[in-house]
Amino acid sequence: MSKNVKYIIAIVLVLLAGTVLYNKVFIPKHTFKTVHPTKGDLNKNVFGIGEVGAKNIYAITAQTGGKIMQITTDEGKWVKKGDLLVVIDSVDLPKLIEEAKMSVYKAKSELQATQEELDSLKAQKRLAQLTYTRYKKLKEKAFVSQSEYDKAKSDFDTIRASIKATQAHINSSKTEVIRLQKALEALHVKLSRYKIYAPVDGYVIAKEAEVAQNVLPTQPILKIVDPKTVWIKAYIDEKISGDVKVGQSAVITLRSQSNKKLNGYVSRIVAQSDAVTQEREVDVAFEKVPMPFYMNEQAEVLITTKQFKNVLKIPADLIVYKEKKAGVWVKEKEHAHFLHVKVVAITDKEAAVENLDKNTELLVPDKNKKSLSEGMRIY
């Protein structure tokens, strides 16, 4: 082999080595982590903070004033519908009821006696009528005197008048019996107001009076919550509340059970927003109310406003904007390339996108490294 050929080969090898050395050493290169899109479901959520409340809270109040003689329950206790809760001193009302009963009994007895008297008069009337009819016929034949006929007629007329008066007395007695019975019923109703019973199966959340305390009508004594209506009164910023609808599913996290996720749903959206905080109250009910529960306990809700099934997902923090268009940085042939994407939905953690392949290598920006730029060498 000639010297010239050897020199040419040596020069080519040196150039190749130089090119490799230049590409590997002198041209700047950067290392970034990469991830691939994934397939799955994406939920668009709205977050809110609130406290435990209830739709139905019953204030147990005194229906009539008086001194409390007995309270059969306390805060934190469960009661059944119809359970006796409170007894208020009825003073002399039982005595008045006994007197009213006696008056009713007396009026009924008098009515019965008058009715028996009427029956007797009716029997006498039949006899007097027969006598009067017979004397009338005998007088026409001049077999009896005028005085005997007049006496028979007078006896008959007297009995008829007595019957009429007795019937009027009976009608008056019946009215009196009805009046006294209604008065007795009114006393029983009044007496019933001195005893207060549970309106529902519920949980006592407040006791606002004590035994021996005098209370006024409508003054609260207990508060009972219907456990079936317990919910979270969540407050959501008006800006993000527009997508919230009744019936949407939600996840509830109680402060006392921060490691548990409880299922719920939107039960009610209050019609008015708070003009000061610019928040809207959204009531989120439990699918199954946790036991025990604590009123006014702080809670968080995450309401799913929309569900996207089997979509291509990427981390939300990979989305960047250039010229007001969303896109991601991808790795193509050892270089960084900005690729526009269509964002279908986005949460604080994930984004559903289109026009990406699940094999695409997505570059993860690193604030500790140089910002990505078009054509940057990546390895």
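None of the figures in this text is laboratory data; all of them are computed from the coordinates on show. Since the model is a prediction, treat every value here as computed from it, not as a measurement. A quick note on method: Cβ atoms are made from the backbone with ideal geometry, for glycine too, and the neighbour counts reach across all protein chains shown.
If you run the Gaussian network model on the chain, springs between alpha carbon atoms under 10 Å, then out of 113, 336, 326 the most flexible one is 113. Amide hydrogen proximity for residue 62: with H placed 1.01 Å from N in the peptide plane, the residues at 5 or more positions away or on another chain lying under 5 Å are 218, 219, 221.
Over what distance in Å are the Cα centres of region 117-173 and region 277-319 separated? What the calculation gives is 94 Å, centre to centre. In terms of other Cβ atoms within 10 Å, 221, 232, 163 run from fewest to most in the order 163, 221, 232. Computed 3J(HN,Hα) for region 327-337, one whole-Hz value per residue from the Karplus formula 6.51 cos²θ - 1.76 cosθ + 1.60 where θ = phi - 60°, is x, 9, 8, 10, 9, 10, 6, 6, 10, 7, 9, glycine and proline marked x.
For the chain, the relative contact order works out to 28 percent when only alpha carbon pairs closer than 8 Å and six or more residues apart are counted. With a cut-off of 14 Å between beta carbons, the residues surrounding residue 191 carry a summed charge of 0, where Lys and Arg count +1 and Asp and Glu -1. Summarising the amide proton neighbourhood of residue 376: residues at separation of 5 or more, or on other chains, whose placed amide H is nearer than 5 Å comprise 336.
For residue 200, the amide hydrogen comes within under 5 Å of the amide hydrogens of 82, counting only partners 5 or more places away or on other chains and with H modelled in the peptide plane. For the listed residue pairs 288/309; 349/369; 44/367; 95/190; 55/288, the alpha carbons are over 24 angstrom apart in 288/309; 44/367. Go through 329, 240, 305 and say which Cα lies farthest out towards the positive end of the charge dipole of the chain; charges sit on Cβ, +1 for Lys and Arg, -1 for Asp and Glu. Of the candidates, 329 comes out farthest on the positive side. Exposure proxy shown here: for 90, 258, the number of other Cβ atoms within 10 Å sets the order, fewest to most, as 258, 90. Taking a Cβ cut-off of under 13 Å around residue 212, the surrounding Lys, Arg, Asp and Glu residues balance to a net charge of -1, with basic ones at +1 and acidic ones at -1. Counted by Cβ distance under 12 Å from residue 151, the other residues give a net charge of -2, where Lys and Arg count +1 and Asp and Glu count -1. Seen from a random direction on average, the alpha-carbon convex hull of region 93-192 projects onto 6.9 square nanometres.
What the Kirkwood sum gives for the chain is a hydrodynamic radius of 31.5 Å, with every pair of different alpha carbons counted. Our coupling estimate for region 168-178, obtained by passing each phi through the Karplus curve with A = 6.51, B = -1.76, C = 1.60 and θ = phi - 60°, is 5, 5, 4, 4, 5, 5, 4, 4, 5, 4, 4 Hz, Gly and Pro reported as x.
As a length-normalised measure over Cα pairs under 8 Å and 6 or more apart, the relative contact order of region 83-207 settles at 53 percent.
Distance check, please: which entries in 322/370; 239/324; 33/333; 101/174; 80/195 exceed 19 angstrom between their Cα atoms? Long pairs (Cα-Cα over 19 Å): 239/324.
Only beta bridges with both residues in region 229-291 are counted; by DSSP, about 100 percent of them are antiparallel.
Only helical runs count toward this figure. For the chain, summing -39,500 (n - 2.57) over DSSP H runs of n ≥ 4 and dividing by all residues gives -11000 deg cm²/dmol at 222 nm.
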